[in-house]
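Asks: Take this structure first; my questions come after.
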């Protein structure tokens, strides 16, 4: 890590990348979870496996797939270059990498939470004339929000620590694409143990704080 760059720079970038990735991943993941919840059969099982795949694939494999997809010579990347959009070695590329990595966490928690919603309540709303979208927004999501929120916070903490796919897609450019995880790696490689320890402590405190906040908000109050 370049000593001239303050520690808060990679911290803010990590928050920015993880926050943007969570917004994108949550929208797509909740739509997928809603469509697949309680559905059985080979096709839903196959789609569910595809949605979960980034959770078990090595980050380098995900990074390679993303380069093939959005790289300068990639399937989508060629078209993006023609319109002046380049995701490689940019913070937007880091967002794409983080989105893919955190997506399964939001999806699995969201699907599990939606499947726990009482179907009688959803059916009652349907009999009163509510559309499927209204059932989702006014019945399913409000009843499942605790599980969904817990998954989102866990995914956010995971996004803060994303390393492999981000390194392959966005690179490790100080002040531009260097997140906390990359800054820690950079400091360790340079033999700067003090800086590495400082960054590790910052990352740990942020992640623990997020998880503690999620537990406080999600845990039902008694008494």
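The values are calculated or read from the model by the stated rules, or taken from the named source; none is laboratory data. Since the model is a prediction, treat every value here as computed from it, not as a measurement. For neighbour counting, all protein chains shown are included, and Cβ atoms are generated from backbone atoms with ideal geometry for every residue, glycine included.
Asks: Could you please let me know if residue 29 is in a helix (DSSP H, G or I) and more than 13 Å from the chain's Cα centre (by Cα)? Give the steps one after another, and end with the answer.
Replies: Working: in a helix (DSSP H, G or I): yes; more than 13 Å from the chain's Cα centre (by Cα): no.
No, not satisfied.
Asks: Can you name the residue in region 189-200 that is assigned to a helix (DSSP H, G or I) and touching a residue at least 12 places away in the same chain (Cβ under 8 Å) and is also farthest from residue 6 (Cα to Cα) among such residues?
Replies: 200
Asks: Still on this structure, please answer the following. Kindly indicate whether residue 150 is on the phi < 0 side of the Ramachandran plot, part of a helix (DSSP H, G or I), surrounded by 18 or more Cβ atoms within 10 Å (Cβ to Cβ) and under 21 Å from the mean Cα position of the chain (by Cα).
Replies: Judged against the criteria, residue 150 is a match.
Asks: Being in contact (Cβ under 8 Å) with a residue 40 or more places away in the chain and surrounded by fewer than 21 Cβ atoms within 10 Å (Cβ to Cβ) is the filter here, so list the residues in region 161-180 that pass it. Give the derivation first.
Replies: Quick first cut of region 161-180, residues in contact (Cβ under 8 Å) with a residue 40 or more places away in the chain only: 161-171, 173-180.
Those that are in contact (Cβ under 8 Å) with a residue 40 or more places away in the chain and surrounded by fewer than 21 Cβ atoms within 10 Å (Cβ to Cβ): 161, 163, 164, 171, 173, 174, 175, 176.
Asks: Return the pairs, sorted by first residue and then second, in which the second residue is at pLDDT below 85, the first residue lies in region 201-223 and is within 23 Å of residue 8 (Cα to Cα), the beta carbons are less than 9 Å apart, and the residues are 6+ apart or on different chains.
Replies: 202/7
Asks: Among (1) at pLDDT 95 or above; (2) part of a loop (DSSP other than H, G, I, E, B), where does residue 22 come up short?
Replies: The one condition residue 22 does not meet is (2).
Asks: In region 12-42, which residues are touching a helix residue (DSSP H, G or I) at 6+ places or on another chain (Cβ under 6 Å), surrounded by fewer than 20 Cβ atoms within 10 Å (Cβ to Cβ) and under 23 Å from residue 204 (Cα atoms)?
Replies: Scanning region 12-42 gives a single hit, 20.
Asks: Okay, moving on. Go through (1) touching a residue at least 40 places away in the same chain (Cβ under 8 Å); (2) assigned to a helix (DSSP H, G or I); (3) out of contact with any helix residue (DSSP H, G or I) (no Cβ under 7 Å at 6 or more places or on another chain) for residue 5 and report which single condition fails.
Replies: (2)
Asks: Another one. State the number of residues belonging to region 62-89 that are assigned to a loop (DSSP other than H, G, I, E, B), surrounded by 13 or more Cβ atoms within 10 Å (Cβ to Cβ) and either under 23 Å from the mean Cα position of the chain (by Cα) or without any contact (Cβ under 8 Å) to a residue 12 or more places away in the chain (or both).
Replies: The initial filter retains those residues of region 62-89 that are assigned to a loop (DSSP other than H, G, I, E, B), namely 71-76, 83-89.
Among the residues that remain, those that are also surrounded by 13 or more Cβ atoms within 10 Å (Cβ to Cβ) are: 71-72, 74, 76, 85-89.
When the remaining residues are screened for being either under 23 Å from the mean Cα position of the chain (by Cα) or without any contact (Cβ under 8 Å) to a residue 12 or more places away in the chain (or both), the result is 71, 74, 76, 85-89.
Within region 62-89, residues that are assigned to a loop (DSSP other than H, G, I, E, B), surrounded by 13 or more Cβ atoms within 10 Å (Cβ to Cβ) and either under 23 Å from the mean Cα position of the chain (by Cα) or without any contact (Cβ under 8 Å) to a residue 12 or more places away in the chain (or both) number 8.
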